[in-house]
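The values are calculated or read from the model by the stated rules, or taken from the named source; none is laboratory data. Keep in mind the model is a prediction, meaning the values are calculated, not measured. Positions of Cβ are backbone-derived with ideal geometry, glycine not excepted, and every protein chain shown enters the neighbour counts.
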Amino acid sequence: MVRYLTGFQPTGSLHLGNYFGALRPAIELQDKGEAFYFIADYHALNTVRDPAVLREHVREVAIDALACGLDPAKACFFRQSGVPAVTELAWVLSNVTPMGLLERSHSYKDKLSHGVAPSHALFAYPVLMAADILLYDSDVVPVGKDQKQHLEITRDIATKFNDSYGNVFKLPEPSIREEVATILGLDGQKMSKSYGNAIELFLAEAALRKKVMSIVTDSTPVEAPKDPAQSAIVSLYRLFAPADKVAAMESDFRAGGVGYGEFKKRLFAVIWESFAPMRQRRSELQTDPGYVDRVLAEGALRASTIAQQTIARVRRAVGITS
Ligand code: TYM
């Protein structure tokens, strides 16, 4: 059976990029194989320094994912720190990880350019991510395009380890869906919590409207034709609206006579409506405060069983145990 694994950092509530790029594919895959999905709280220590905020974000991400349809009866859902063996594996893997591999990390350079202070953990981030993936003998990792290089690094690290110690790890494959590989944010760049351009899944109605209305557009006047191919509005609308509605918006763009404000209203309406069932489920989940904790604790227990086998294999392979 194919084993799927993916993770979400608890750096805030989930946004449309997380949903379309990874969460929705992961939810579809939970019916197709063995699924391991987790909240990457060790990773989030990179950027979240307030313990209360971290706890809150873990809860939010868990509730968001469950509300969207992640089903703990099908997928093992846990927090990364619920299986601390992952940090041991990361340390062991560090030893076979060339510095150059990490120095080439786009994500590291990107974070520095966005003002994140360089730390050892930020630099070693791909090693911990490799440990996440290899600890569970994952076959396929559904992610957005921004994680592609991390998957390549994971494969490189696994290969280095296997070269030294025998065939201990299988090499995981990324699963990146072309049409949702990079969801655009309010400013037309990749949607990201850290860029401040994200549309979160469960904003209140007024807040969602405000965000959608703040999508950056050019100064083309209402009556002039507009290019749908260059528009973040159209690219987001395409994620929600049926093909005929998308075609209608594209033709209204080209024809001119409709302002960006009107297009944004259409986009808001379709987002708000699409998430209605998930919003309902989310408010139900919130009535039982212990539920999320129970789900994550049970998930950690199940995940630990697999992790213990892998870590025992690794300890033997490197000579820490006999
Ligand atoms: P994170 O928390 O930044 O994002 C979670 C998932 O959402 C995807 N994503 C996007 N997809 C398309 N368009 C976007 N604008 C967009 N923004 C985010 C991400 O690609 C990701 O799949 N390092 C990971 C977390 C992680 C992980 C792992 C993932 C830790 N260990 C092991 C897979 C396997 C991260 O920061 O994702």
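For region 130-158: of the residues being in a loop (DSSP other than H, G, I, E, B) and more than 9 Å from the ligand (Cβ to nearest atom), which is surrounded by the most Cβ atoms within 10 Å (Cβ to Cβ)?
Only one residue fits best here, namely TYR136.
(1) over 15 Å from the mean Cα position of the chain (by Cα); (2) at pLDDT 95 or above; (3) within 16 Å of the ligand (Cβ to nearest atom); (4) of a type in the set (D, E, K, R): which one isn't true of ASP41, the others all being true?
(1)
Filter the helices (runs of 4 or more DSSP H) completely within region 232-322 down to those with at least 1 residues that are surrounded by fewer than 13 Cβ atoms within 10 Å (Cβ to Cβ). Reasoning before the result, please.
Numbers: elements: 232-240, 243-255, 260-274, 276-285, 289-318.
In region 232-322, the matching helices (runs of 4 or more DSSP H) lie at 243-255, 260-274, 276-285, 289-318.
Scanning region 1-35 for residues that are part of a strand (DSSP E or B) and touching a Lys or Arg at 6+ places or on another chain (Cβ under 7 Å), which turns out farthest from the ligand (Cβ to nearest atom)?
GLU34
List pairs: first in region 236-255 and over 24 Å from ASP187 (Cβ atoms), second among the aliphatic types (A, V, I, L, M), Cβ under 8 Å, 6+ apart or cross-chain?
Going by the 8 Å Cβ cut-off, the qualifying pairs are LYS245/VAL270.
Of the numbered conditions (1) within 16 Å of the ligand (Cβ to nearest atom); (2) loosely packed, with under 14 Cβ neighbours inside 10 Å; (3) in a loop (DSSP other than H, G, I, E, B), GLU179 satisfies every one except a single condition; which is it?
Failed condition: (3).
Run down ASP71, ASP64 and say which single residue is touching a residue at least 12 places away in the same chain (Cβ under 8 Å), closer than 22 Å to SER283 by Cβ and part of a helix (DSSP H, G or I).
Exactly one residue qualifies, and that residue is ASP64.
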